[in-house]
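The values are calculated or read from the model by the stated rules, or taken from the named source; none is laboratory data. Computed from a prediction, not measured in an experiment: that's the story for all the values here. Quick reminder, even Gly has a Cβ in these numbers, built from the backbone with ideal geometry, and neighbours come from all protein chains shown.
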Amino acid sequence: MTTNVLQVIGSAILLMNHGRSGNVLINTLIGFAASGALLNMVRYFRFFPKSYLLILTLRYALPKSLRFIMCATVIYLAYAVLGMALFGEGTGAFSDLGQSIQTLFSIVNGDNITAYFQAMTKASNTFVSRCYVISFIFLCMWVALNILLGVVIEGYNQAVERVKDISEGISDGEQPERGELPGGSLRERRVAREPHGGVAGRYASI
């Protein structure tokens with residue numbers, strides 16, 4: 001629906017513009033509409049559960065990941081402000097908040113760490129710059145990224161269990177609707193197949 005609206009708006013602006021190209025708004029709308037139309041094709045993979053594993057992983061991991069990223073962003077901004085205060089007057093890498101954020105992103109990716117070290121050392125002193133960079137790398141690369149990786153792995157494991165549930169339901173002749181599990185979860189179906197309703201039923205029958 002959103003992609004269709006963007007296509008209509010972009011086409012209408014293009015017609016009113018008499019076909020002239022170079023309009024940033026038109027290119028942006030049509031670009032997002034085309035990308036959304038392609039991404040919309042991903043939903044057809046739900047008919048092939050094993051191919052749908054990536055989307056299921058994102059579905060389970062994304063909410064927890066977003067909550068974690070919101071918390072990590074506050075720490076990231078705190079380091080950006082601190083870097084601007086400590087090194088902003090002596091180096092252009094921390095001259096303003098935007099440049100400070102960009103510099104920290106480069107440090108996380110391992111780009112030009114030695115050059116940034118030298119620039120920060122000239123702006124302040126060696127001890128302060130080393131403590132700043134080492135503590136930032138420790139929090140972002142060793143702690144934050146590993147926690148985020150654990151969240152994604154947990155979502156992947158949930159997605160694998162979901163695929164097993166769907167595959168077993170299809171093998172039983174059931175068809176999933178709108179991504180819902182056919183016949184309940186795997187555990188529910190196993191319990192239902194056991195005589196007297198599973199373990200609890202066996203104890204009750206005794």
Inset, instruction - Give me a count of the residues in the range 68-126 that are free of Cβ contacts under 8 Å to residues at least 24 places away in the same chain and among the hydrophobic types (A, V, I, L, M, F, W, C). - result: 12
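Going through the range 149-165 one residue at a time, which ones are charged (D, E, K, R) and either buried (at least 17 other Cβ atoms within 10 Å of the Cβ) or free of Cβ contacts under 8 Å to residues at least 12 places away in the same chain (or both)? Let's see the steps before the verdict.
First, pick out the residues of the range 149-165 that are charged (D, E, K, R): 154, 161-162, 164-165.
Scanning the range 149-165 gives Arg162, Asp165.
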Inset, instruction - Identify the single condition in (1) of a type in the set (Gly, Ala, Ser); (2) closer than 20 Å to Leu66 by Cα; (3) surrounded by 16 or more Cβ atoms within 10 Å (Cβ to Cβ) that Ser129 does not satisfy, given that it satisfies every other one. - result: (2)
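So which of Ser129, Ser95 is of a type in the set (S, T, N, Q), at pLDDT 80 or above, touching a Gly at 6+ places or on another chain (Cβ under 9 Å) and farther than 30 Å from Leu53 by Cβ? First the steps, then the outcome.
Working: Ser129 fails: touching a Gly at 6+ places or on another chain (Cβ under 9 Å).
Going through Ser129, Ser95 in turn, the sole match is Ser95.
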Inset, instruction - State yes or no: is Ser129 within 27 Å of the chain's Cα centre (by Cα) and assigned to a helix (DSSP H, G or I)? - result: no
